[in-house]
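Notes for the one structure printed next.
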Amino acid sequence: MNERKEFSIMRGAPLPYGVTKDIAGYNFSLFSKQATGVSLCLFDNNKQPLQEISLNPKINKTGDIWHISICDLSPDFLYGYRLTGPYDPFKGLYYDNRHIVLDPFTKQVVSNTKWGEKHFQKNIHLGVIDPLNQPFDWQEDTHPNIPLKELIIYEMHVRGFTQDSSSGVKHPGTLLGLIEKIPYLKSLGINAVELLPIYEFGERMNPRINPTTKEPLYNYWGYSTVNFFSLMNRYTTDLKQGIHEFKTLVKELHANGIEVILDVVYNHTAEGNSEGPLLSFKGIENSSYYILGPNGEYYDFTGCGNTFNANQPVVRELIRESIRYWVKEMHVDGFRFDLASALTRSTNGTPLGSPPLIEALTLDPLLANTKLIAEAWDAGGLYQVGTFPSWGVWAEWNGKYRDDVREFIKGTDGKINIFATRLCGSQDLYGKGRSPFHSINFVTCHDGFTLKDLVSYNGKHNEANGEDNKDGDNNNLSWNCGYEGETTDRKTLILRQRQMRNFLLTMLTSQGVPMILMGDEYGHTKNGNNNTWCQDGPINWFLWNKLEEEKGLVRFISTLIHFRNAHPVLHQAQFLSQNEVAWHGKKANAPDWTPQSRFIAMTLADGVNNFDLYIAFNPSFKSAAIELPQPREGQAWFLIADTSKACPNDIIEEKDAKPLAGLKYRAHPYSSLIFKSKPHTS
């Protein structure tokens, strides 16, 4: 690099890490234990080099931290670091002074806003010195602080939500496009969105092509983070306005009573294994940032080539400061930690009883009101659902809920007892020191079958991913209702509609926190592909025209959400007592817990508001003549939902519900029911 401009230079301070504005100008601080030389490389906002400043280790180094302060810098100037040191992969060292690498603490990565380009192929990777230099008017915005037990989470992808032309938004596939659709989310009853990764990632970091179309495949989901502080630029319309656009989204969601949860990936990075790119961490202090074996090899507990060394002190501080940044600066309400169990591993990969990172986040007073959710497993076989070290704070994606509900609803033997436990908040998992709302209940998520595919396919169909259908989970616990894939057979289609409603009714009447997958409300299909991480197209996009075509299912889920919200007995803070729940079989108060049983019902008592709910499930090919228990004195049972009925009789607004004459009812095959007891005159 040619020196083109001289700046006034001072010694600088070792902390805080990254770039901070000080009295003189901007202070730069970088941790690198084994580098023999560090240079700060400055560029103007057109990526033209300004000056490369070699740091003097006698002046600009304190311990393992290199630092310098520069005056006269424009906040929109760009910067990176060139490091010199040993290149010895067998010792886990990858110093290469041919590369300019990203500061791990930079607040904005330099890449453009055009989706589909190869943004990280060169050996110069830069950050913006101070992208936060312009104030943002939050207009008294505060965190809604909705109690966890009251959340209805909607898992969604920023690009996929509005990229399809049917969305009709001005800026499809962006944060601004999402803002235009907030009224839809609110009408559905959603009060929390969980955004798939929005930290900067390279969408073209996938070498495969679609074997049929020959088009490139993508890193569409974004589980391959480049930097933990920087917003994904392709989700914005302008590099200089991107942070403002995200803040505007958060502010507007909050104004509509919707919280923002980020799906975050701290377990691995985009740098992959020894064959992966050198972007940042690898070229700065590889042996500190990653868990390595005795010969420098990357331990891979994530399935993505590397495992971040989350409990190393500097790395732990990096992650904590990242979380704090998104809470304090961006007003984010919570985080779902991808493969969180990988973050509980020691430097040799063994699980820790009290992982330092998890403890630091749990006890951080600045995060006291922040929702922390763990995906409590990793790709190395560590499965901690129900046992994730949480100090009574962390919630978990309840993978056991997903599996047990799938099996019972499709009619698997021996699942009736555990199904009842899942309905009641999984006390077997969270009964010691936690609450029902620590269970995030889901039947589908981005990873796996959609709700429609769950009832339409017995096996995965991932050929389009370019891996000969070897990728994705083989154990889907699905049932195609008698025919594999798309069909015009009327009986099969009716059964599939019932099963989708059965899953939704189960999830929205279970104690715990329901999470709904984007598109399930209209029955989105991915044609049996259960691993669409690499697909950028309608297979992953929300198809807005389908809302009208499948308005019956949309109505069902929306009405059910509002019914749940109106009945706190369905989302309690404590596990149900014997006085609050009673179990029934086909006869009242006579539950059948035998392994072959296909019918179970429960009544939930609300003593404060003086009503009961009767909720029943019949995942059998036979109908059942059932007897409801006696309602409270002066009350009758009113039918709210019967998934065997066609829209609009599948779910009825409470004000329109009719009383049941007597206590007899017929539960049709593969159906679920909700009754409410209340006075005749109400």
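Restricting attention to segment 604-634 and to residues that are touching a strand residue (DSSP E or B) at 6+ places or on another chain (Cβ under 7 Å) and touching a residue at least 60 places away in the same chain (Cβ under 8 Å), the residue that is farthest from residue 570 (Cα to Cα) turns out to be 617.
The residues of segment 499-523 that are among the hydroxyl-bearing types (Ser, Thr, Tyr) and outside any loop (DSSP other than H, G, I, E, B), listed by number, are 506, 522.
Being of a type outside the set (Gly, Ala, Ser), surrounded by 21 or more Cβ atoms within 10 Å (Cβ to Cβ) and in contact (Cβ under 8 Å) with a residue 60 or more places away in the chain is the filter here, so list the residues in segment 374-401 that pass it. Selection gives 378, 397, 398, 401.
Can you name every residue in segment 461-496 that is under 30 Å from residue 437 (Cβ atoms) and either basic (Lys, Arg) or surrounded by 15 or more Cβ atoms within 10 Å (Cβ to Cβ) (or both)?
Kept after step one, since they are under 30 Å from residue 437 (Cβ atoms), are these residues of segment 461-496: 473, 475-479.
Once the filter is applied, which keeps residues that are under 30 Å from residue 437 (Cβ atoms) and either basic (Lys, Arg) or surrounded by 15 or more Cβ atoms within 10 Å (Cβ to Cβ) (or both), segment 461-496 yields 476, 477, 478, 479.
Of these, 271, 245, which one is among the acidic types (Asp, Glu) and buried (at least 23 other Cβ atoms within 10 Å of the Cβ)?
Numbers: 245 fails: buried (at least 23 other Cβ atoms within 10 Å of the Cβ).
Matching residue, one of 271, 245: 271.
Kindly establish whether residue 302 is assigned by TED's automatic domain parsing to the domain that holds residue 440, modelled with pLDDT under 95 and either β-branched (Val, Ile, Thr) or buried (at least 20 other Cβ atoms within 10 Å of the Cβ) (or both). Talk me through it step by step, then tell me what you get.
Working: assigned by TED's automatic domain parsing to the domain that holds residue 440: yes; modelled with pLDDT under 95: no; either β-branched (Val, Ile, Thr) or buried (at least 20 other Cβ atoms within 10 Å of the Cβ) (or both): yes.
Answer is no for this residue.
One residue stands out among those in segment 611-628 that are buried (at least 17 other Cβ atoms within 10 Å of the Cβ) and assigned to a loop (DSSP other than H, G, I, E, B): the one that is farthest from the chain's Cα centre (by Cα), which is 628.
For segment 315-331, the count of residues that are surrounded by fewer than 23 Cβ atoms within 10 Å (Cβ to Cβ), among the aromatic types (Phe, Trp, Tyr) and within 23 Å of residue 428 (Cα to Cα) is zero.
Considering segment 427-481, and only residues there that are in contact with a helix residue (DSSP H, G or I) (Cβ under 9 Å, 6 or more places away or on another chain) and without any contact (Cβ under 8 Å) to a residue 12 or more places away in the chain, the residue that is nearest to residue 575 (Cα to Cα) turns out to be 475. What residue, among those in segment 647-676 that are surrounded by 12 or more Cβ atoms within 10 Å (Cβ to Cβ) and among the basic types (Lys, Arg), is farthest from residue 623 (Cα to Cα)? Only one residue fits best here, namely 676. Quick one: which residue in 544, 593 is in the same structural domain as residue 211 (by TED's automatic domain parsing), surrounded by fewer than 20 Cβ atoms within 10 Å (Cβ to Cβ) and either under 33 Å from the mean Cα position of the chain (by Cα) or in a loop (DSSP other than H, G, I, E, B) (or both)? Step by step, each of 544, 593 is checked, and only 544 is in the same structural domain as residue 211 (by TED's automatic domain parsing), surrounded by fewer than 20 Cβ atoms within 10 Å (Cβ to Cβ) and either under 33 Å from the mean Cα position of the chain (by Cα) or in a loop (DSSP other than H, G, I, E, B) (or both).
Listed here are the residues, each with its yes/no results for (1) aliphatic (A, V, I, L, M); (2) within 20 Å of residue 89 (Cα to Cα).
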residue: 278; (1), (2): yes, yes
residue: 319; (1), (2): yes, no
residue: 324; (1), (2): no, no
residue: 345; (1), (2): no, no
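Where the second residue is part of a loop (DSSP other than H, G, I, E, B) and crowded, with 24+ Cβ neighbours inside 10 Å and the first is of a type in the set (Ser, Thr, Tyr) and modelled with pLDDT of 95 or more and lies in segment 662-682, which pairs have Cβ atoms under 7 Å and are six or more apart or on separate chains? Sorted first by the residue in segment 662-682, then by its partner, the pairs are 670/619; 671/643; 672/643. For segment 100-141, taking the residues that are among the β-branched types (Val, Ile, Thr) and modelled with pLDDT of 95 or more, the one that is surrounded by the fewest Cβ atoms within 10 Å (Cβ to Cβ) is identified as 124. Could you please let me know if residue 154 is within 30 Å of residue 434 (Cβ to Cβ) and touching a residue at least 24 places away in the same chain (Cβ under 8 Å)? Spelling it out, residue 154 is indeed within 30 Å of residue 434 (Cβ to Cβ) and touching a residue at least 24 places away in the same chain (Cβ under 8 Å).
Give segment 13-32 a look and list any residue that's surrounded by fewer than 17 Cβ atoms within 10 Å (Cβ to Cβ) and at pLDDT 95 or above, or say none. Before you say what the answer is, go through the steps one by one.
Applying the first criterion (surrounded by fewer than 17 Cβ atoms within 10 Å (Cβ to Cβ)) to segment 13-32 yields 13, 15-16, 20-24.
Once the filter is applied, which keeps residues that are surrounded by fewer than 17 Cβ atoms within 10 Å (Cβ to Cβ) and at pLDDT 95 or above, segment 13-32 yields 13, 15, 16, 20, 21.
If a residue must be closer than 28 Å to residue 438 by Cβ and in contact with a strand residue (DSSP E or B) (Cβ under 7 Å, 6 or more places away or on another chain), how many such residues does segment 110-148 contain?
Within segment 110-148, the subset closer than 28 Å to residue 438 by Cβ is 141-148.
With the extra rule that they be in contact with a strand residue (DSSP E or B) (Cβ under 7 Å, 6 or more places away or on another chain), the set shrinks to 144, 146, 148.
Total satisfying the criteria: 3.
Mind listing whichever residues of segment 72-95 are surrounded by 16 or more Cβ atoms within 10 Å (Cβ to Cβ) and either in a loop (DSSP other than H, G, I, E, B) or assigned by TED's automatic domain parsing to the domain that holds residue 283 (or both)?
Of all residues in segment 72-95, those surrounded by 16 or more Cβ atoms within 10 Å (Cβ to Cβ) come to 73, 76-83, 85, 92-95.
Answer for segment 72-95, where residues must be surrounded by 16 or more Cβ atoms within 10 Å (Cβ to Cβ) and either in a loop (DSSP other than H, G, I, E, B) or assigned by TED's automatic domain parsing to the domain that holds residue 283 (or both): 73, 76, 77, 85, 92, 95.
The set of residues in segment 33-61 that are among the polar types (S, T, N, Q), part of a strand (DSSP E or B) and surrounded by 15 or more Cβ atoms within 10 Å (Cβ to Cβ) comprises 39, 51. Just wondering, is there one or more residues in segment 143-150 that are within 30 Å of residue 202 (Cβ to Cβ) and loosely packed, with under 13 Cβ neighbours inside 10 Å? No: segment 143-150 contains no residue that is within 30 Å of residue 202 (Cβ to Cβ) and loosely packed, with under 13 Cβ neighbours inside 10 Å.
The values are calculated or read from the model by the stated rules, or taken from the named source; none is laboratory data. Values in this document were obtained by computation on a predicted structure and should not be read as measured data. Counting neighbours? That spans all protein chains shown, and the Cβs are built from the backbone with ideal geometry, glycine included.
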